[in-house]
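Inspection log for the structure reproduced underneath, given as structure tokens.
The values are calculated or read from the model by the stated rules, or taken from the named source; none is laboratory data. Computed from a predicted model, the values in this text were never measured in an experiment. Please note: Cβ atoms are built from the backbone with ideal geometry, for glycine as well, and neighbour counts cover all protein chains shown. To get the accessible areas, we keep the full protein, side chains included, count just its heavy atoms, and leave off ligands, DNA and RNA. Shrake-Rupley method; radii C 1.70, N 1.55, O 1.52, S 1.80 Å.
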Amino acid sequence: MKKTLISLAFGLMALGVFADEIYVSPDGDDAANGQKETPYRTIRKAIEDATPGTTIYLRGGRYMPTEADVMYRGAEKVYDCVYYLDKNGRAGSPITLSGYPGEDVVIDLSQVRPDARVMGFNVNGDYWHLRDFDIVGIQVTQTGHTQSINVGLFGGSNCVIERVNMHDGMGIGVYATKGSNNLVLNCDAYNNYDPVSEGGYGGNCDGFGFHLNGRNYIGNRLYGCRAWRNSDDGFDLINNNSPVTIENCWAWENGYDADLVSRGDGTGFKSGGFGMKTVKAGTVAPRNVVTNCIAWSNKQNGFYANHHLGGLDFKNCSSYQNKRNFNMVNRKSIDEAVDVPGYAHHLSDNLSYRPELSDADCVNINTSLCTLENNTFLPSVAVGEADFESLDASQLLRPRKADGSLPNLTFMRLRADSPLYGRGVGYLFGESTSGMVSVEAQGNDAKYYNLMGVCVEHPADGIFICSGQKVYVP
Ligand code: CA
Ligand code: CA
């Protein structure tokens, strides 16, 4: 009996059924067993085998799924999903899909061209951790109103999207409509433009969009992400019904394509709003938080309230050479689609320098209905080139650190001899960290983290996510 069980166990292991790790390689074979020396060929096969606790390792190379690999065809041509992640991991046992350490993994979606909207990954299950790969080449085939999405958070909660770069395609980077406690960590979205639909206007390709369709989602955050040269916006929270936090993120040259041709809207951080058409009765505007972020040279606005129906929080943000650096315009009410100067916003410790339009440091705001503390505007504080260590924006493109955290900058960093230095305005610089520390390393070290001053345990990994960069707070 015992021998039979052992044989059965070995047999199942040989099939990959009990394996904690599944390997995939562009040179692999789906008829193999998905182990390190005998990897599968398709990511789909590995996803079908995964169970809670499984880590799928993608060996280096270029993966080119075809129509035959599409895991899920949506109704009415809305989202043919190449990879459909509808099974659940568990707390402490997420399902991880990871580039193999030290190897470059590119998933090229250019061969998937259905007559439908395309989604690269539909994260529909809980406790998924996607990390360490690039997605390129996603297509749009429809010429009317449409959009494609690289990574969709469409139902899963407690998921982490980490060091996933989405670029040089026709789709949105990350697009979320449902779920709680999802974290988008240290991801880049760039050169995304759809030249096919709506005459090539490019009005739908954002870097990162959270558009949560209910009021009860909690704990969704973007941390350490960069968005540049997306044809619409860098970060977009329009039609979002639950509060989202955007922290330690950079946005620049959005509203342009990869060649800097003007295309869609062009806001760095579109931080709320419900559009100016009909808004559903009973809509309650979430108080989204944008903290410790940089916006440079976006076509329209650096930081934008986008006709929101309530207040938003902006703290320690630096905005430079956007048409308007901060634009706080609100909509009057659900019933009245009229723009009014922004109300109920909290702006503290923000820095504005040289907006493209004159007097556009912070526009469309009712200062008597907002809380304004220690910004360089309203009342205006002198800011000049001599206040900064560098104004060389090319630094934003520096490679990330080995752990995926943002590179160090001197761009926009205040000189120690600047009168602004001691005021604590603008983006906080310091010894940058990944935003994560291990449970063991946390402890007393937590006092080194400022901003919110907290480290939060993320349920997917048992890791701690700390707000802010590592800045010693005496
Ligand atoms: Ca748009
Ligand atoms: Ca947009």
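With the convex hull of its Cα atoms as the shape, the chain has an orientation-averaged projected area of 24.2 nm².
When the chain is described by a simple charge dipole with +1 on each Lys and Arg Cβ and -1 on each Asp and Glu Cβ, the residue from Met119, Val196, Thr371 located farthest towards its positive end is Thr371. In the chain, the longest principal axis of the Cα atoms and the axis of helix 2-14 are about 50 degrees apart. Each label point was placed 7 Å from the Cα along the Cα-to-Cβ direction; for Asp20 and Glu37 their separation is 2.1 nm. To the nearest 10, the accessible area of Glu356 is 120 Å² with a 1.4 Å probe.
Quick one: check the C-alpha center-to-center distance for the range 115-168 versus the range 42-111, whole angstrom. Comparing the Cα centres of the range 115-168 and the range 42-111, I get a distance of 10 Å.
Accessible area per residue (1.4 Å probe, heavy atoms of protein chains only) ranks Tyr421, Tyr175 as Tyr421, Tyr175, with the largest value leading.
Run lengths n ≥ 4 of DSSP H only: what is the helix-derived mean residue ellipticity at 222 nm for the chain, with -39500 (n - 2.57) per run over all residues, to the nearest 500?
Using -39500 (n - 2.57) per qualifying helix, the result is -1000 deg cm²/dmol.
Given R0 = 45 Å, the distance between the Cβ atoms of Asp115 and Asp417 translates into a calculated FRET efficiency of 0.15. Compared with the rule-of-thumb size 2.2 N^0.38 Å for a compact globular protein, the range 271-423 has a Cα radius of gyration ratio of 1.11. Rounded to the nearest whole Hz, the Karplus-based 3J(HN,Hα) values (6.51 cos²θ - 1.76 cosθ + 1.60, θ = phi - 60°) of the range 56-73 follow the sequence 8, 9, 9, 6, x, x, 10, 9, 10, x, 10, 3, 5, 8, 4, 7, 8, 9, with x at glycine and proline.
Rounded to the nearest 5, the antiparallel percentage of DSSP beta bridges internal to the chain is 15%. Remark on Ile365: its backbone amide H falls under 5 Å from those of Gly342, a criterion applied only to residues 5 or more positions apart or on other chains, H modelled at 1.01 Å from N.
Roughly what % of Cα-Cα distances in the range 270-334 sit above 16 Å, to the whole percent?
46 percent
Using a probe of 1.4 angstrom, how much of the accessible area of the chain is carbon and sulfur, in percent? Before the final figure, lay out the partial values.
Numbers: 9340 of 18630 Å².
The computed percentage sits at 50.
If you plug the beta carbon distance of Ser390 and Ser262 into 1/(1 + (r/R0)^6) with R0 = 25 Å, you get a FRET efficiency near 0.40. Accessible area per residue for the chain, computed on protein heavy atoms with a 1.4 Å probe, is 39 Å². The simple Förster model, with R0 at 56 Å and r as the Cβ-Cβ distance, assigns Glu103 and Ser368 a FRET efficiency of 0.50.
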